[in-house]
Structure formats: C-alpha cells, structure tokens
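A.B. asks: Can you read through this structure? Questions will come right after.
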Amino acid sequence: SSSSDNPNTVTDRGLFSKSSKDDAADKKKKQEEKTEEEEGGGGFIDKVKDFIHDIGEKIEEAVGFGKPSADVARIHVPHIGLHRADLVVDVLIKNPNPVPIPLVDIDYLIDSDGRKLVAGLIPDAGTIRAHGEETVKVPITLDFDDIRSTYADIKPGSIIPYLLRVIFLVDVPVFGRIKIPLDKSGEIPIPYKPDVDVDKIKFHHFSFEETTATIHLSLENKNDFDLGLNLLQYEMWLGDDSVVEAELTDSTRIEKQGITKMQIPFTFRPKDLGSAVWDMIRGRGTGYSIKGKIDVDTPFGNMKLPIDKVGGTTRLKKDDDDDELDQ
C-alpha cells in the first residue's frame, strides 16, 4: 500500500539513478573525446615540426648551408719573459656555406685549476670565405706579475697546468647566430730569473797598465725546467768602477734547480780604477755588482731573462792559490 500511496517514489529514484549514470557516461565520453583531441592535436603539432625540420633539411641540402666547424691547430709562444708571456692560438675554421660568414665575437678564458688567469673578448674578428677555411689567430697575453700577486701559492719557477676556452660567435644564414666552443689544455711556466754570483776573480798577469784575469761565475737556475744558454750579456762593477762588459755565446745547459759554473777571461787597467780594485789587489774583499741578461731556450720557447747581483763580495786570487771558494 505504501507503493500506491507514493506512486512516484520508485519512479523518481529510478529517474535519478538513470540520470547519474548518464551524466557519468557523458563525462567519460567527453573526457575521452577531449583526450583524443589533445592527442590528435599533439600528433598534428609533431607532424608540423617534422615537416618544418624536413623542409629545413631540404633547404640546407638545396642551398648548401651548414654549421661551420673549428679546431685548435696549435698554440705557440712568440714571447715569454720574466713579466709576461704572449701566446697565439691558431684556430682552423671551416665554412661549408656558399656565402662568407662573419665572426661576430671571439671570447676567450684561460684558467689554472679553476682560477682565472686571463679573459678577454675580440669583437669583429673577420670573415670566413665561402666554401673555405681560415686560420684565425687569437692573441692572448698572460701577465705573470698579476698572476703572482693574485695567487700567492703559484710560485715563481713553477710549471702550472692551464685550460684554454675559446667561444666563436658566428652569423650563419638559415641557422642565425651560433656559438662554437673549443677547449685546449696545456702547461705554462711562471719564470724565475737565475741567480748570478762571482765565486772569485783570479789574475794571471798583473801590471798597472794591463792586468789579465778570469771571473769565476755561478749561474743558478731556480726554475722547474732546464735552460739552454745561448747568450750571456753582462757588465761587472768593482766598487763604483766598471771593470768588464762582455758577451758570452758558448752554448751551455743549466739544469733545472741546478748550478752551472762559468769562467770568463777579461782584461783591465788597475791604474785607471778606484780604491775597490786596490783593496782587492791587497787581498781584501771588495764589493761587486753584475747586471745583464741571458738568452735561453726552454721547453716553452725562447726566453730573455735579466740577471743581477748587487752587493756581493769577492777577492782576487793568484794563479798559485788554491781553488777553494773565498767570498
């Protein structure tokens, strides 16, 4: 009787239940359609991308455009001295394109164990001809004084590793502006000037007009690499008097952290010189100074290094004296 009393109850519930199921089915269908549209849309975009890529490749093949390549041919050192090193990096750049391409910028950086030694920018570095290759020279200067003052643990005379990074920015048709990065590692020395000492001066023939003698020199190489001595230029003073100025061109090897002994004959006129020479002749020690330079070959190139010694003391020895050092 309850059913007849409430004839719509079951029907209403049935309608509500049916409506909920229909809504759920509709939502599911719409979601599937939406997903299908998205997937279809994604597929379409991928197809467009593939088409553009294919067209790009066909254009590249048709007109012959391509990305240039670069490689470090060599690094040479035209100058290296006590205060700086000039490096030139030769980079071979190949241009496969039918038109010249401009080098917009060249960025470079040299570091050693993560510490920046030098960095710079070379703008408007030239043009690479069509279907050609060019060796582009990148000049770089290392300031040793600046490096030594910035990094106290980099000791003079040492050899340090370096990493060179060069980035070429080029303007290529079709591709636009692209970067070509290059890395090259190597070693560079931080030169230390050799120490020079006069061990003794031995005279062979003495007169007031002309005296012949031999200077016994020690050259100490404080570098971690050998020095091949090509030339020694020097001037020596006893007291305030210049007694000898000479060049020595004998080829001598000075080993790393080693000492080389040299004997240099010279002639002087005692009567023209001051009291320091007379003190030396009387057997007393006298002050001397030496200044000059050496020209040496090293594993890193030719170097011209200064030598100087101020305030040393030496004695004159006769030929019949023993050869013990007497300073």
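A.B. asks: Report whether or not Lys193 is within 32 Å of the chain's Cα centre (by Cα) and part of a loop (DSSP other than H, G, I, E, B). Break it down stepwise before answering.
C.D. replies: Numbers: within 32 Å of the chain's Cα centre (by Cα): yes; part of a loop (DSSP other than H, G, I, E, B): yes.
Criteria met by Lys193.
A.B. asks: Anything in the range 274-301 that is farther than 20 Å from Leu82 by Cβ and modelled with pLDDT of 75 or more? List them, or say none.
C.D. replies: Gly287, Tyr288, listed by residue number.
A.B. asks: Looking at this structure, is Pro123 under 14 Å from Val89 (Cα atoms) and touching a strand residue (DSSP E or B) at 6+ places or on another chain (Cβ under 7 Å)?
C.D. replies: Values: under 14 Å from Val89 (Cα atoms): no; touching a strand residue (DSSP E or B) at 6+ places or on another chain (Cβ under 7 Å): yes.
Considered against the rule, which asks whether it is under 14 Å from Val89 (Cα atoms) and touching a strand residue (DSSP E or B) at 6+ places or on another chain (Cβ under 7 Å), Pro123 comes out as no.
A.B. asks: While we're here: Residue pairs, Cβ under 7 Å, 6 or more apart or interchain, first in the range 235-257 and closer than 22 Å to Glu210 by Cα, second part of a strand (DSSP E or B) and among the polar types (S, T, N, Q). List them.
C.D. replies: Pairs found: Glu235/Ser242; Trp237/Ser289; Leu238/Thr286; Gly239/Thr286; Glu247/Gln233.
A.B. asks: Do you know which residues across the range 255-272 are β-branched (Val, Ile, Thr) and closer than 16 Å to Asp199 by Cβ?
C.D. replies: Once the filter is applied, which keeps residues that are β-branched (Val, Ile, Thr) and closer than 16 Å to Asp199 by Cβ, the range 255-272 yields Ile259, Thr260, Ile264.
A.B. asks: Can you tell me which residues in the range 147-176 are touching a Leu at 6+ places or on another chain (Cβ under 6 Å) and open to solvent by 70 Å² or more (accessible area, probe 1.4 Å)?
C.D. replies: Arg165
A.B. asks: Working only within the range 126-163, note down all residues that are of a type in the set (S, T, N, Q) and closer than 20 Å to Val89 by Cα.
C.D. replies: Just the residues of the range 126-163 that are of a type in the set (S, T, N, Q), to begin with: 127, 135, 141, 149-150, 158.
Within the range 126-163, Thr127, Thr135, Thr141 qualify.
A.B. asks: Run down Asp124, Asp107, Asp111, Asp146 and say which single residue is out of contact with any His (no Cβ under 8 Å at 6 or more places or on another chain), in the same structural domain as Ile178 (by the TED database) and not in a strand (DSSP E or B).
C.D. replies: Asp146
A.B. asks: I'd like to know if the range 231-243 contains one or more residues that are under 30 Å from Lys155 (Cα atoms), outside any strand (DSSP E or B) and of a type outside the set (Gly, Ala, Ser).
C.D. replies: No, the range 231-243 has no match at all.
The values are calculated or read from the model by the stated rules, or taken from the named source; none is laboratory data. None of the values given here were measured: they were computed from a predicted structure. For neighbour counting, all protein chains shown are included, and Cβ atoms are generated from backbone atoms with ideal geometry for every residue, glycine included. These accessible areas exclude ligands, DNA and RNA; they are computed on the full protein's heavy atoms, side chains included. Shrake-Rupley method; radii C 1.70, N 1.55, O 1.52, S 1.80 Å.
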